[in-house]
Structures are given as C-alpha cells and as structure tokens.
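Here's the structure we're looking at; comments come further down.
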Amino acid sequence: MMESSGGPYLNTAAVASPVGVARLLQVAFGCTTFSLVAHQGGFSAAYGTFCMFVWCFCFAVTIFIITCEFTRLHSCLSISWGNFTAAFAMLATLMSITAAVIYPLYFAQFGCYSISCKVRDFRIAASVFAGLLFIAYAVEVILTRAKPGQVTSYMATVSGLLKIVQAFVACIIFGALVNDSQYSNYVATQWCVAVYSFCFVVTVVVVAFNVTGRTAMLWCPFERFVVIYTFVAILMYVSAAVIWPVFCFDSKYGSPWRPYQCSQGKCPWDSQLVIAIFTYVNLVLYIVDLAYSQRIRFVSHP
C-alpha cells in the first residue's frame, strides 16, 4: 500500500493563475515572433541578431520558470525564486520592448519595394506579436509588483524593479560608449565611464545577492547598504551629468551641434548625445530609487 505524499506533486496554479496565464501568453507570443522571423521575415546585422536573441532567450527562460513552478522543482534550487522571477520579468519587459521597437524600425515596411509582399507581411506580423510579447511581460510585472503593506520579495518592490532598469540603461550607455564615442580623449570623460561602470557593477551585485538569497553576507543590514549605495550613486551620476555634456558639447572641447560631415549611424556626436540623455535618465532613476529605498528602510525599521 502506497503512502500518501501529503499533497499533489504538480502545481496547477502555475498555469491557471493570472500570472501563469500571462506566462503562457509570453511563451505563445515569443514562439510565434521568432518563428515568423526565422521562417520568412528574416533578420540581419547586429540589431536583427539582438532581436532574435531577445525572443529566444526570453522564451527559454519563461519555459524554465513555468516548468519549475508547475513541477515544484524551484523548491530544490538554491536561489530566491521570488526575487529571480520578479527580476527576470522586469528584464524581459525592457528587452522585449527594445526588440519590439528595433525590429519594425529596421525591417518592417508597408510597401513591397525592395522585398516581396510575402516577406513584408511576415515582418509586419512579427512586429505585432513582438508588441504583444512586451505587453504580456509588462502585465506580469504589474501583477507581481509589491502592493503597499504586502510582504514580498525585494526585487518585486519598486526599488528592486528600478535596479533592473538602472542596469539596463547602463547597458545602453555602454553600447553607445563603444560606438566611437571618443570618451578616451579626456580624463574627465574617462571618469564618467568609471562612474557608469562602478554603479552598474554594484547594481548587478545587489540584484545577484537578492536572487541568490545571500543578502545576509553583506557587512551591514541590506536596507542600509542599499540606501548608502544609492546615495553615493546619485552623487557620482550628478558629476557625470555635469562633466559629460561640458566635455562633449562645449565648443572648447567638443561640438555644440552635430557636424554636417558625420555619416548617419557612425557619428561620435550621436553616441555622445545618447550617453548624455541616458545619463540623466539614470540619474532620475537613482533619485527615485533613493526615495523608495528610504521608504522601505523606514517600514522595515519603524
């Protein structure tokens, strides 16, 4: 006679709950998107490869998450599952919206001038499903985001989600830096690169400590560490927000206007402008993060 295991092995809520349904839609939309592109839509160059990577990567990780939750295997993993799924949902949202913008921008068109109408239709369909994929991931972020007074994983809080956005914005800055931004011309702009690198690394470390459940290994309470680091990051980004535009757009060091001889897509001035814009974006994100981090610390220690 077999003994009762004390409960079901399979977790049907993993696919029947609102979050589970959102994940199933992510799988369906993701699979449809890269299948359309691979079959007839086509892709080329670095931006096309990036889009395919995003859709395949998000599809694979979402399948992994659904499988682990449905079979309850996530309880055997030595990670903080709630932090991992919340962090991935935010990352997938950012990556999918980037791909949903890039692919139609470079590949989709309404006319059949340089490609066949069949290829055009496949590309338009892929663009539509790429947009639906972004919506599905955004819905999961909304459904799993921490509500006021709710005890939940740190990565599901506004502060935790902002960490993912900050790291993603830093990656955009790094992409512009390597695209002939001429940051090595001055020590001051090299300092800005050091600021972006330091803040990116520490932010990734904070996320990694939460996902692996190792926050207790920090030399001080996690909430205090986050507040101190975020404050330091704001000061460093303020310096970069002042220095970078001066040494790139002041007539003494750079050019206030885009040089007319610069070719489209290969102009250092364009990269410098992108870096300046996203420097201010990340500065605002860190300021908002500090406000929420301080709030979390206050709630945790009344």
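The values are calculated or read from the model by the stated rules, or taken from the named source; none is laboratory data. Model, not experiment: these values are computed from the prediction. Cβ atoms come from the backbone with ideal geometry, glycine included; neighbour counts cover every protein chain shown. Accessible surface is based on the protein model in full, side chains and every heavy atom, while ligands, DNA and RNA are left aside. Shrake-Rupley method; radii C 1.70, N 1.55, O 1.52, S 1.80 Å.
In this structure, is A108 part of a helix (DSSP H, G or I) and either of a type in the set (S, T, Y) or touching a helix residue (DSSP H, G or I) at 6+ places or on another chain (Cβ under 8 Å) (or both)?
No, not satisfied.
Residues of region 146-182 being without any contact (Cβ under 8 Å) to a residue 24 or more places away in the chain and on the phi < 0 side of the Ramachandran plot, which ones? Before you say what the answer is, go through the steps one by one.
Kept after step one, since they are without any contact (Cβ under 8 Å) to a residue 24 or more places away in the chain, are these residues of region 146-182: 146-151, 175, 178.
Hits for region 146-182 are A146, K147, P148, Q150, V151, G175, V178.
Say whether the condition of being of a type in the set (D, E, K, R) and assigned to a helix (DSSP H, G or I) is met by at least one residue in region 213-224. It would help to see each step written out before you state the result.
From region 213-224, those of a type in the set (D, E, K, R) are 214, 223-224; that's our starting set.
Going one step further and asking which of them are assigned to a helix (DSSP H, G or I), we end up with 223-224.
Checked against the condition, which is being of a type in the set (D, E, K, R) and assigned to a helix (DSSP H, G or I), region 213-224 yields at least one hit.
Which pairs turn up if I take residues in region 195-209 that are under 21 Å from Y183 (Cβ atoms) and look for partners that are surrounded by fewer than 24 Cβ atoms within 10 Å (Cβ to Cβ) and modelled with pLDDT under 95 with beta carbon separation below 6 Å, at least 6 apart in sequence or on another chain?
Taking only residues 6 or more apart or on different chains, the pairs are V202/Y229.
Mind listing whichever residues of region 179-198 are modelled with pLDDT under 90 and in a helix (DSSP H, G or I)?
Y183, S184, N185
Which condition number does I115 fail, the rest of (1) in a helix (DSSP H, G or I); (2) open to solvent by less than 50 Å² (accessible area, probe 1.4 Å); (3) among the β-branched types (V, I, T); (4) within 28 Å of W55 (Cβ to Cβ) being met?
Failed condition: (1).
State all residues of region 199-220 that are surrounded by 14 or more Cβ atoms within 10 Å (Cβ to Cβ), among the aromatic types (F, W, Y) and at pLDDT below 95; if no residue qualifies, say none.
Within region 199-220, just F209 meets the criteria.
Among the residues of region 247-274, write down those that are of a type in the set (F, W, Y), within 11 Å of Q182 (Cβ to Cβ) and free of Cβ contacts under 8 Å to residues at least 24 places away in the same chain. Working first, answer last.
Of the residues in region 247-274, the ones of a type in the set (F, W, Y) are 247, 249, 253, 257, 260, 269.
Narrowing further to those that are within 11 Å of Q182 (Cβ to Cβ): 247, 253, 269.
Once the filter is applied, which keeps residues that are of a type in the set (F, W, Y), within 11 Å of Q182 (Cβ to Cβ) and free of Cβ contacts under 8 Å to residues at least 24 places away in the same chain, region 247-274 yields only W269.
Would you check which residues across region 59-80 are surrounded by fewer than 18 Cβ atoms within 10 Å (Cβ to Cβ), within 21 Å of T215 (Cβ to Cβ) and either β-branched (V, I, T) or under 23 Å from the mean Cα position of the chain (by Cα) (or both) and list them?
I79
Please verify whether L132 is open to solvent by 20 Å² or more (accessible area, probe 1.4 Å) and within 30 Å of Y9 (Cα to Cα), treating the condition exactly as stated.
Values: open to solvent by 20 Å² or more (accessible area, probe 1.4 Å): yes; within 30 Å of Y9 (Cα to Cα): no.
No; evaluated as a whole, the condition is false for this residue.
What are the residues in region 81-103 that are open to solvent by less than 30 Å² (accessible area, probe 1.4 Å) and of a type in the set (S, T, N, Q), if any?
N83, T85, T93, S96 - these are the residues of region 81-103 that are open to solvent by less than 30 Å² (accessible area, probe 1.4 Å) and of a type in the set (S, T, N, Q).
Could you list, in sequence order, all residues of region 240-276 that are assigned to a helix (DSSP H, G or I) and loosely packed, with under 14 Cβ neighbours inside 10 Å? Can you show your working first?
Applying the first criterion (assigned to a helix (DSSP H, G or I)) to region 240-276 yields 240-249, 268-276.
Across region 240-276, the qualifying residue is only V242.
Give me the residue from region 142-160 that is open to solvent by 20 Å² or more (accessible area, probe 1.4 Å) and part of a helix (DSSP H, G or I) and, out of that set, modelled with the lowest pLDDT.
Per the stated criteria, the residue is Y154.
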